[in-house]
Amino acid sequence: METTTLKEIIIQQNTSFKPNRLVSRTKFKQLKEIPQITILTGVRRCGKSTLMQQIRETQPEQDYLLNFDDERLLHFTKDDFQKLYESLIELFGLQKTFYFDEIQNIEYWEYFVRRLHNQGNKIYITGSNANLLSRELGTHLTGRHIQFELFPFSFIEFLDFNNINYSKKDIYSIETKVELKKQFDNYLIKGGFPEFLINNNTEYLKFIYDSILYRDVIARNKLQNELEVRELGYFIAGNIGKPVSYNKLCAIINVKHVNTVKKYLKYLEDTYLVFLLPNFNFSIKKQINNPKKIYFIDNAMARNISFRFSEDRGRFLENTVFLELKRRGHELYYHKLKKECDFLICEKLEITGAIQVTQSLVDQDVMAREISGLTEAMEIHNLKEGLILTENEEFEINKNGKSIKVLPVYKWLLLNALQTT
């Protein structure tokens, strides 16, 4: 690559990268003072570059920035990394802090980053493909890096975006509680992609989805049958929270081999677009072969790309809870034996929590089903406390020595945020 062209790109990116609005991300405090190579991964357009910009603005050295997701860098190869290093020094003088967006697009990037780190430099990296990053990180950068996952806005960040302040007393105040509930209703519909919250253009969500599907799944993995992948994505977006088997998915998208479906799902998971939740089983073989529950990266995107003939708020509530549990870094499963429980939280090979999610417990049959599924999971894993998250209800149930707390999802989200700040 021509050095002059590279310098032009560096200067242009350095001066033009100014986000429309900065929202304080919950990961910000964790990322600021880490000596290792800091890797920030997540779905495209969820705010990784903006978060890196926030970090950058707190640092004394801010100039060594390059976004590799730029069509002018399509011919950038491993041989150009030294040119990049020399160009940065020539343009800005010697600095020791680097900021790289989507560097995994360049083959052998990890050798360059390792060399920089070995020379005592600090490197921040963002990436939108979990597999490409983790493969090289595990092989060449073991012990040198720490990785964080970023998702579209949480409810707390959504409130910050809308300039809504709250404290613990506000959660229990009638006046502010109404406003917080109204904001949560909006969040449930609009999701958390920052740019969509600014422009409210549903075509933008479809554009992101298509970009991920074509660039990060189909083109990157050289897949031949676009229709199969697209139909699989549509099905997942329209069936959030439902257990599916590989054989069922084969029939739905009309492919003959289970391995084809597994491969497609792995590619979709690598982009953070979809998630598969395994059924907990003490037998690893059964756990692998049992049906998986499926979840999607964002409610608004799922709503706008799937075929939905009726609004299913219960599914979107469940997806919201799933994403929040992922943000908190929990290892998750679902429980299915005689009854079903939506989420099991695992810590150090031990189940430490059980959560059900349902829109309402007003219907007695629904209440009985949700409680029986939760208590079965609690009994098997020797849990004394369980949680049911609903849209509005709040009360406690004590049954057979087990304590079950019922909370609105929005209050659960807010209370946890207050406890961790």
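Just so it is clear, none of the values below were taken in a lab; they were calculated from the coordinates. Just so we're clear, the structure is a prediction, and the values are computed from it rather than from any experiment. No Cβ is skipped: glycine too gets one built from the backbone with ideal geometry, and neighbour counts run over all protein chains shown.
Out of all the residues in the range 267-289, which are in contact with a helix residue (DSSP H, G or I) (Cβ under 6 Å, 6 or more places away or on another chain) and part of a loop (DSSP other than H, G, I, E, B)? The answer is Thr271, Leu273, Pro278, Asn281.
Does Glu340 satisfy the criteria of being farther than 23 Å from Phe196 by Cα, charged (D, E, K, R) and out of contact with any Gly (no Cβ under 7 Å at 6 or more places or on another chain)? Here the answer is no, as Glu340 does not meet what is asked. Scan the helices (runs of 4 or more DSSP H) fully inside the range 290-401 and keep the ones with 1 or more residues being under 30 Å from Ile212 (Cα atoms). Output list reads 299-305, 313-327.
Just one of the listed residues (Val229, Val258, Val244, Val217) is surrounded by fewer than 17 Cβ atoms within 10 Å (Cβ to Cβ) and on the phi < 0 side of the Ramachandran plot, and it is Val258. Can you go through Glu376, Glu370, Glu391 and tell me which one is crowded, with 18+ Cβ neighbours inside 10 Å, touching a strand residue (DSSP E or B) at 6+ places or on another chain (Cβ under 8 Å) and more than 30 Å from Ile156 (Cβ to Cβ)? Glu376 is the lone residue from the list that is crowded, with 18+ Cβ neighbours inside 10 Å, touching a strand residue (DSSP E or B) at 6+ places or on another chain (Cβ under 8 Å) and more than 30 Å from Ile156 (Cβ to Cβ).
Mind listing just one residue for me: the one in the range 173-189 that is within 28 Å of the chain's Cα centre (by Cα) and of a type in the set (S, T, N, Q) and, of those, surrounded by the most Cβ atoms within 10 Å (Cβ to Cβ)? Once the filter is applied, the top-ranked residue is Gln183.
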